[in-house]
Amino acid sequence: MYEYLEGTVTIITPSFIALDVGGQGFKIFSAKPYSYSEGQRIRVYVEQVVRDNDISLYGFESSDEKQLFLKLLSVSGIGPKSAMAIMAAESSDSLAKAIENGEVNYLTKFPGVGKKTASQIVLDLKGKLGSYVEQDLFTADTSQALSDALLALAALGYTKKEVEKVKPKLEKSSFDTADEYIKEGLKLLLKKK
């Protein structure tokens, strides 16, 4: 129903903030409520979660954080409170990398996440958190054409590790367009299989 709310933070507690929006106070559960300060004017990306006898708003600093929350909610056995606890304990990038690398033991350190749930998180989300894990794959020293090609190879379903293996060879090439890099990347990836 809501994408985001803009207003002034009036209350901060260990689990939620109150946001005054035009004279109405919204109670918004937050993974990191103390990242805000009272009196601060902010935009909070929100997700409304409706349960049997409860309607709650969960808030995030960015749209990407909200998307990660929604992906966690899609995992069987993870509810909104568990998802918020996971997000409170770890940065989005570290969490995404752990999931992509299948680090089940790492994921069990979060509150309410046992081996079975951690395995389910990896099973359900591995390969679906591209916007978080691709950031470190495409460094500033690559050309725009090469960066676009690497993104395209990842979008075609190749894993981060597979793309990382061919990246040094592609960097040695001096193509002008992403298409040329993609063709060469596909040749290299198909040779490895």
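The values are calculated or read from the model by the stated rules, or taken from the named source; none is laboratory data. Source: prediction; values computed, not measured. In case anyone asks, the SASA skips ligands and DNA or RNA and just uses the protein heavy atoms, side chains included. Shrake-Rupley method; radii C 1.70, N 1.55, O 1.52, S 1.80 Å.
Semi-axes of the equivalent ellipsoid for the chain, please: Cα gyration tensor eigenvalues, times 5, square-rooted, ordered largest first, whole Å.
Value: 38, 21, 13 Å, ordered largest first.
Considering only protein heavy atoms, what per residue accessible area in square angstrom results for the chain with a 1.4 angstrom probe?
Per-residue accessible area for the chain comes out at 55 Å².
Heavy atoms only, probe 1.4 angstrom, no DNA, RNA or ligands counted: give me 176, 20 ranked by accessible area, highest first. Could you put the intermediate results ahead of the total?
On the way: 176 135, 20 60 Å².
Ranked list, largest accessible area first: 176, 20.
At 1.4 Å probe size, with the rest of the protein present, what percent of the exposed accessible area of the range 1-116 is carbon and sulfur atoms? Spell out each step's value before the answer.
Details: 2940 of 6070 Å².
Carbon and sulfur: 48 percent of the exposed surface of the range 1-116.
Test of understanding: in a Gaussian network model of the chain with alpha carbons linked when under 10 Å, which of 163, 50, 104 would top the mean-square fluctuation ranking?
Ranking 163, 50, 104 by mean-square fluctuation puts 50 first.
Among 160, 66, 183, which one shows the highest mean-square fluctuation when the chain is modelled as a Gaussian network with alpha-carbon springs under 10 Å?
Largest GNM mean-square fluctuation: 183.
Which of these, 79, 23, 112, has the largest mean-square fluctuation under a Gaussian network model of the chain (Cα springs below 10 Å)?
In this elastic network of the chain, the residue with the biggest mean-square fluctuation among 79, 23, 112 is 23.
Can you pull the Rg over Rh of the range 6-82, Cα-only, Kirkwood? Please report the intermediate quantities before stating the final value.
Working: Rg = 12.5 Å, Rh = 12.9 Å.
Answer for the range 6-82: 0.97.
Please tell me the relative contact order of the chain in percent, rounded to the nearest whole number, where contacts are Cα pairs under 8 Å and at least six residues apart.
Computed over the chain, the figure is 12 percent.
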